[in-house]
Amino acid sequence: MSQKKPGRNDPCPCGSGKKYKVCHAADDRARAAPPPSTPHPLTEDLKAAMALLGDPDVSRLSQALTRVGELLAEWGPSADLRFDAEDFDAHVGAELARLSDDDVLDAAGARRELLVGTVRKLGTRPFLERLGAALLARAGEPGRSTDDRRALCVGALLASASRKVGKARPEDIPILDVVFDVQFREWSAHHKALAEKYQVLAGGLDESTLSAEAREALQHAREGDVEALVNYVKDDPGLAERIAREARERSSRVEAKLREPSTPSVFSPDEELWLTCVLWEPMQALKSLPPQTPPAERREAVGALLRGVKGALDADFLEGMLGRLHEKAKDASADEATRAWYSDAAIAFEAEPSRMSLAALLTGRREAEGRSAEEMVALADLKALTTWTPESFEPYRQLLAGMGLTGAVERVRRVQDWLRAHPVTLRPESA
């Protein structure tokens, strides 16, 4: 047959005498067609997300966006899932200062103005493109539930509005509202933590022994302006060394008390279960190292464990734990030594949450106690299992829901999500 492609009405090169269009033209076209493309692994989830965006019942869309916000908060700050941190800090700080002087705006109006101004400035087309790609990548991670995949796909599709910026205003793109809410909560917690850490200094030192300048700097910190105290500490190496020394002494006192058999756990049961699950793999990796392991490898294993602790201690976890410690420090029914220890513990955990939480988990002699007899039975049932799965935690989650412990219910749900990708084998089943 000729290598030159014949015309439709030319004789077919096969020699049949028929015109090419009725003989081999169809076969040649079929052979020349490109192979069918492999479908995207999230095709069905993207279709479901598209259907949800078109659903007149917006409650389902609202639920999906709420879940995206929960996941963003759980994963913590990431460049592609947050506005630029420095730009956000500079813009929000300046805007809050301006809005605080506006006597006309109420709280809701001020928040709306802050949100709109922020997403207009930082919700650029390049950011939306990065955000959409990052959400799709997260949706495709192994072990992700169907609902989470589809919620993340909804976020990615909304971010694709970046192609229409100019037609769709940034404040009309709901996924930007979600990012703002998560990042603003983190920003607020960070700045509050700075102020509180310097207030801790006032609680941990006898102010009568400080100079007038130091007391004035402390007063500014209490009012939210920590810059003066930061500068003062920098200019007074003796005070900085004293703070560090007293912090070390306080941590030592707290850790020594934690090792006593009579000291209650600083964690609630759901917090202890969450830490156990998240730290199980790095803990087992550290324990399995032979004695002759090189120091660098051992340091890496310890570092992985500390990173795991840091990732597990979200704002809600720390707020709940520190709140309980502060309450016990003021408990009039306890003796003075007990109240003093809880006060020390609150300061130490607030200053070094990761290290102190790990110390409490590893050296504490008592496990967290249930808040009711039913909860104690449920905890005993869980600890009697050889393997933890999402299903094994469901009765406990339902019990906590019946007790009205919303925060604990959410933490156990996170435990269940974690176990879908990281099952925990407490001990091998006996033969």
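The values are calculated or read from the model by the stated rules, or taken from the named source; none is laboratory data. Note that the coordinates shown come from a computational prediction; the quantities given were computed from them, not determined experimentally. Glycine also receives a Cβ, built like all others from the backbone with ideal geometry; neighbour counts cover every protein chain displayed. Ligands, DNA and RNA are stripped out before the accessible areas are found, and what is left, the full protein with its side chains, is counted by its heavy atoms. Shrake-Rupley method; radii C 1.70, N 1.55, O 1.52, S 1.80 Å.
Applying the set (1) open to solvent by less than 60 Å² (accessible area, probe 1.4 Å); (2) modelled with pLDDT of 85 or more; (3) under 23 Å from the mean Cα position of the chain (by Cα) to Ala351 leaves exactly one unmet item: (2). Within the range 22-53, the set of residues being modelled with pLDDT of 80 or more, part of a loop (DSSP other than H, G, I, E, B) and open to solvent by 60 Å² or more (accessible area, probe 1.4 Å) is empty. Among the residues of the range 354-377, those that are closer than 17 Å to Leu279 by Cα, open to solvent by less than 60 Å² (accessible area, probe 1.4 Å) and assigned to a helix (DSSP H, G or I) comprise Ser354, Met356, Ser357, Leu358, Ala359, Ala360, Leu361, Thr363.
Only one of these is part of a helix (DSSP H, G or I), open to solvent by less than 60 Å² (accessible area, probe 1.4 Å), modelled with pLDDT under 90 and under 22 Å from Leu61 (Cα atoms): Glu186, Glu171. Name it.
Glu171
Taking the range 260-292 as the range and being charged (D, E, K, R) and under 29 Å from His422 (Cβ atoms) as the test, the residues that pass are Asp270, Glu271, Glu272, Glu281, Lys287. The number of residues in the range 86-97 being at pLDDT 90 or above, hydrophobic (A, V, I, L, M, F, W, C) and surrounded by fewer than 14 Cβ atoms within 10 Å (Cβ to Cβ) comes to 0.
For the range 384-423, a residue qualifies if it is touching a strand residue (DSSP E or B) at 6+ places or on another chain (Cβ under 7 Å) and either in a helix (DSSP H, G or I) or within 22 Å of Asp148 (Cα to Cα) (or both), and the qualifying residues are Trp388, Leu419, Pro423. The set of residues in the range 285-296 that are part of a helix (DSSP H, G or I) and surrounded by 13 or more Cβ atoms within 10 Å (Cβ to Cβ) comprises Ala285, Leu286. Listed by first and then second residue, the pairs linking a residue in the range 378-394 that is under 17 Å from Val278 (Cβ atoms) to a residue that is of a type in the set (Lys, Arg), with Cβ atoms under 8 Å apart and 6 or more places separating them unless they lie on different chains, are Pro390/Arg420.
Taking the criterion of being over 15 Å from Ile173 (Cα atoms) and of a type in the set (Ser, Thr, Tyr), the only residue of the range 47-65 that qualifies is Ser59. Number of residues in the range 246-279 that are among the aliphatic types (A, V, I, L, M) and surrounded by fewer than 19 Cβ atoms within 10 Å (Cβ to Cβ): the value is 2. Taken across the range 312-326, residues that are open to solvent by 50 Å² or more (accessible area, probe 1.4 Å) and not in a helix (DSSP H, G or I) do not occur at all. Going by the conditions given, is Ala195 more than 14 Å from Pro126 (Cα to Cα), modelled with pLDDT under 65 and assigned to a helix (DSSP H, G or I)? Criteria met by Ala195. From the list Arg339, Arg307, Arg299, exactly one residue is assigned to a helix (DSSP H, G or I), under 30 Å from Trp187 (Cβ atoms) and open to solvent by 60 Å² or more (accessible area, probe 1.4 Å). Which is it? Unique residue meeting the criteria: Arg307. Screening Pro282 with (1) buried (at least 16 other Cβ atoms within 10 Å of the Cβ); (2) in contact with a Ser or Thr (Cβ under 9 Å, 6 or more places away or on another chain) gives one miss only, at (2).
One residue stands out in the range 378-431 among those that are open to solvent by 70 Å² or more (accessible area, probe 1.4 Å) and of a type in the set (S, T, N, Q): the one that is modelled with the lowest pLDDT, namely Ser430. Only a single item in (1) in a helix (DSSP H, G or I); (2) open to solvent by less than 70 Å² (accessible area, probe 1.4 Å) is not met by Ala334, and it is number (1).
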